[in-house]
Amino acid sequence: MIGEQLTEIYQLLFERFGPQHWWPGDTQFEIITGAILTQNTSWANVEKAIANLKSADLLSPEKLYHIDVSQLAELIRPAGYYNIKAKRLKNFTNWLFENYDGKLSNLQGLDTEQLRTELLSVKGIGRETADSILLYALDRPVFVVDAYTARVAFRHELIEPDADYEQLRDLFQSNLPQSTGCLTADTKLFNEYHALLVKVGKEFCRPKARCHGCPLAPLDSNKRE
Ligand code: SF4
């Protein structure tokens, strides 16, 4: 039942908006950097920070591992909270070098839950960032949850208002049709689904809902305000 509702939501969003081509980035490390920088700022600001790192030829785990944190902070200044975010980027690269020889390829053999636990142990990497890294950079079938996900799920009576991150994540991960057993298909679906929820959240499901014209308006029989 819930699986069918979630599938219908996906279909309606995809029919209206089409593929979202997430996550922008030329390399795995660029996606990871974007996932860390995007907290509490707009994507346009993240792009400026990433452009600075690219111009300085610093967008690699090894180069960020060796760079001085204050120099890094200056380069990522457009992303806001740049001192904190510079430390977070350093924390990530330190973790990668101390445990995996600085190579993202060495993460490949790890079980997804183990990898998630390890990412969450890196200071400054929270659930949404860890799951974004897992899904968009490392191709793991995990569902990324954010405020848009919570808002749409609550308004369509799929969750209770006090549902936490893990409950929301479980709602999608456990109920979407993963029965194909095809991890690539699951990853693709989760990738597109999260991006579509962000799209509908930005355009229609705002703090004050704009249901008129929303692709999910046909589902309004169970809608909370
Ligand atoms: S704007 Fe209205 S119809 Fe659209 S997702 Fe939000 S509650 Fe549903």
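The values are calculated or read from the model by the stated rules, or taken from the named source; none is laboratory data. None of the values given here were measured: they were computed from a predicted structure. No Cβ is skipped: glycine too gets one built from the backbone with ideal geometry, and neighbour counts run over all protein chains shown. Note: areas computed on protein heavy atoms with side chains; ligands, DNA, RNA excluded. Shrake-Rupley method; radii C 1.70, N 1.55, O 1.52, S 1.80 Å.
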Criterion first (more than 25 Å from Ile36 (Cβ to Cβ) and either open to solvent by 30 Å² or more (accessible area, probe 1.4 Å) or at pLDDT 95 or above (or both)) does Glu166 satisfy it? no
Filter result for Tyr100 (in contact with a helix residue (DSSP H, G or I) (Cβ under 7 Å, 6 or more places away or on another chain), without any contact (Cβ under 8 Å) to a residue 60 or more places away in the chain and open to solvent by 10 Å² or more (accessible area, probe 1.4 Å)): yes
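Kindly indicate whether any position in the range 75-85 is under 24 Å from Arg116 (Cα atoms), out of contact with any helix residue (DSSP H, G or I) (no Cβ under 6 Å at 6 or more places or on another chain) and open to solvent by 40 Å² or more (accessible area, probe 1.4 Å). Give the derivation first.
Here is the first cut: in the range 75-85, the residues under 24 Å from Arg116 (Cα atoms) are 84-85.
If we keep only those that are out of contact with any helix residue (DSSP H, G or I) (no Cβ under 6 Å at 6 or more places or on another chain) too, we end up with 84.
From the residues that got through so far, the ones that are open to solvent by 40 Å² or more (accessible area, probe 1.4 Å) too are 84.
Yes: one or more hits.
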Every residue from the range 29-63 that is buried (at least 18 other Cβ atoms within 10 Å of the Cβ), at pLDDT 95 or above, not in a helix (DSSP H, G or I) and not hydrophobic (A, V, I, L, M, F, W, C): Thr38
For Asn106, all conditions in the list (1) surrounded by 14 or more Cβ atoms within 10 Å (Cβ to Cβ); (2) touching a helix residue (DSSP H, G or I) at 6+ places or on another chain (Cβ under 7 Å); (3) not hydroxyl-bearing (Ser, Thr, Tyr) hold save one; what is the number of the exception? (1)
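Okay, residues lined up against (1) under 27 Å from Thr33 (Cβ atoms); (2) not in a helix (DSSP H, G or I):
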residue: Gly124; (1), (2): yes, yes
residue: Leu134; (1), (2): yes, no
residue: Val144; (1), (2): yes, yes
residue: Asp186; (1), (2): yes, no
residue: Asn191; (1), (2): yes, no
residue: His212; (1), (2): no, yes
residue: Leu219; (1), (2): no, no
